[in-house]
1. Among TYR129, VAL61, GLY98, pick out the residue whose Cα is farthest towards the positive end of the charge dipole of the chain, where Lys and Arg carry +1 and Asp and Glu carry -1 on C-beta, about the Cα centre.
2. Hey, any idea what % of the chain's accessible area is carbon plus sulfur with a 1.4 Å probe?
3. As a check on your grasp of the helix formula, calculate [θ] at 222 nm for the chain: sum -39500 (n - 2.57) over DSSP H runs of n ≥ 4, divide by the residue count, round to the nearest 500.
4. Excluding ALA68 itself, calculate the net charge of residues whose Cβ lies under 15 Å from the Cβ of ALA68, where each Lys or Arg counts +1 and each Asp or Glu counts -1.
5. Within 15 Å, Cβ to Cβ, of GLY142, how many net charges do the neighbouring residues add up to if Lys/Arg are +1 and Asp/Glu are -1?
6. Can you give me the accessible area per residue for the stretch 4-87, using a 1.4 Å probe, in Å²?
7. With the Cα gyration tensor of the chain in hand, give its eigenvalues times 5 under a square root as the equivalent ellipsoid semi-axes, listed largest first in whole angstrom.
8. Could you give me the ³J(HN,Hα) list for the stretch 7-24, computed from phi with Karplus coefficients 6.51, -1.76, 1.60 and θ = phi - 60°, whole Hz, x at Gly and Pro?
Amino acid sequence: VQYPMCIGPIAATWLLLPPLSSPHEWPTLPIQKGTLLQHWAFSKTAWAKNRLWTVLTYLFVHETSESAQINVFALALTGLVPFEELGWRHLYGLVFTGGVAGVCRHIFQEQNLREKAMGRLLDWGAVPYVVGGDAGVCALAGAQSFG
């Protein structure tokens, strides 16, 4: 009973926020795509406007409803062992730390590719924003495999 209550807020947020590109098959919160991109998704614009919370909130917005469903399923599968061994605080810590690591990876990968291609510094290229909970789920999978 404790584990479903622990992952419930994350899973509910993933399923209640509307996906950005695909129609959703279930009722979601009435939030416009522009609002999600401006205040929830991580982007160069959000960073420049000091919307630093988007480093964490991007984890809850998904491009498609299928992506949200897969992340909920993966969270249920990969989070149990870290929850049982470390507790709910560390489980949330792993998810959010994985999210921050995902943003850092995106920034440095894009910067590295752009420097090699054009000799410039940070140019985000064709990826205007970052969304999805994959980095948080991957952090839980890594903790499970090394735990």
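1. Working it through, the farthest residue towards the positive pole turns out to be TYR129.
2. 66
3. Per the formula, -20500 deg cm²/dmol.
4. Result for the local shell: -3.
5. The answer is -1.
6. 53
7. They are 27, 20, 12 Å, listed largest first.
8. Coupling constants for the stretch 7-24: 7, x, x, 5, 4, 5, 5, 4, 8, 8, 6, x, x, 6, 10, 9, x, 9 Hz.
The values are calculated or read from the model by the stated rules, or taken from the named source; none is laboratory data. Just so we're clear, the structure is a prediction, and the values are computed from it rather than from any experiment. Cβ: placed from backbone, ideal geometry, glycine included. Neighbour counts: every protein chain shown. Each accessible area value is taken on the protein alone, full model and side chains, heavy atoms only, with ligands, DNA and RNA left out. Shrake-Rupley method; radii C 1.70, N 1.55, O 1.52, S 1.80 Å.
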